[in-house]
1. Cross-link list LYS48/LYS88; LYS88/LYS169; LYS34/LYS92: which exceed 21 angstrom alpha carbon to alpha carbon?
2. Contour minus end-to-end for PHE81 and LYS116, with contour as 0.36 nm per residue of separation and end-to-end as the Cα-Cα distance?
3. Using helices alone, what [θ] at 222 nm do you get for the chain, with -39,500 (n - 2.57) per DSSP H run of 4 or more residues, divided over all residues and rounded to the nearest 500?
4. How do ARG67, ARG154 line up, fewest other C-beta atoms within 10 Å first?
5. Counting DSSP beta bridges in the chain, what percent are antiparallel, to the nearest 5?
6. As a test, work out the antiparallel percent of DSSP beta bridges whose residues both lie in the range 89-166, rounded to the nearest 5.
7. Between the range 47-67 and the range 95-111, what is the separation of their alpha carbon centroids in Å?
8. On a full-extension model of 0.36 nm per residue, what is the gain between LEU27 and ASN135, subtracting their alpha-carbon distance, rounded to one decimal in nm?
Amino acid sequence: MSCKCNSPESNENKTYAFCNPEIDIALLEPVLNKYAGAEGSLITILQKAQDIYGYLPVDLLAYIAHRTGIKPAKVMGVVTFYTQFRTKPIGKNLILLCQGTACHVNGSGEIEEAIKEHLNIEEGEISDNGLFTYNNVACLGCCSLSPAMMIGDRTYGNLTKESTVKILKEMEAAAI
């Protein structure tokens, strides 16, 4: 988990260069200044970093490891263990499609097909218009609404292929 750009030195006065020029580390510094020395604060730092940047690029994770003194392998282990963390950019709206037993039995496969066909993407990809990424999840915890999906903080249930496409079209129209 090391960036090939400009690895951080132990000298704190060195400038840390990121492979991705869009990372403005100044946005994260207040978080690191507040939490870097606090025991058990890694998840909080990662959550706040993802809120700022939308995802957790590898070189940012290396920097967080450097600033917190936590081994890079442990930082990456936390990121890959929890499904809330992303290491790749996503579209403006993240679709979480439930693939739990109830949703599967009630047609989540057809809903996935509708999403893939309408957006012309595979799981984890960003739609051409930048509005959507979809991921399958094990369970959303709303089995009575199966098949179900979440987009942002909104849950949609009792989906059909048609209702799914209608939701996506409405969101696309609202973005224009």
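1. Values: LYS48/LYS88 16 Å; LYS88/LYS169 25 Å; LYS34/LYS92 29 Å.
Over 21 Å apart, Cα to Cα: LYS88/LYS169; LYS34/LYS92.
2. That pair, PHE81 and LYS116, stretches by 10.0 nm at full extension.
3. On the way: 7 runs with 72 residues, N = 176.
Computed mean residue ellipticity for the chain: -12000 deg cm²/dmol.
4. Details: ARG67 21, ARG154 10.
Starting with the residue having the fewest Cβ neighbours, the order is ARG154, ARG67.
5. For the chain, the DSSP antiparallel bridge percentage is about 55.
6. Within the range 89-166, antiparallel bridges account for around 55 percent of the total.
7. First find each Cα centre; the distance between them is then 31 Å.
8. Working it through step by step, the gained length comes to 36.1 nm.
None of the figures in this text is laboratory data; all of them are computed from the coordinates on show. All values derive from a computational prediction rather than experimental measurement. A quick note on method: Cβ atoms are made from the backbone with ideal geometry, for glycine too, and the neighbour counts reach across all protein chains shown.
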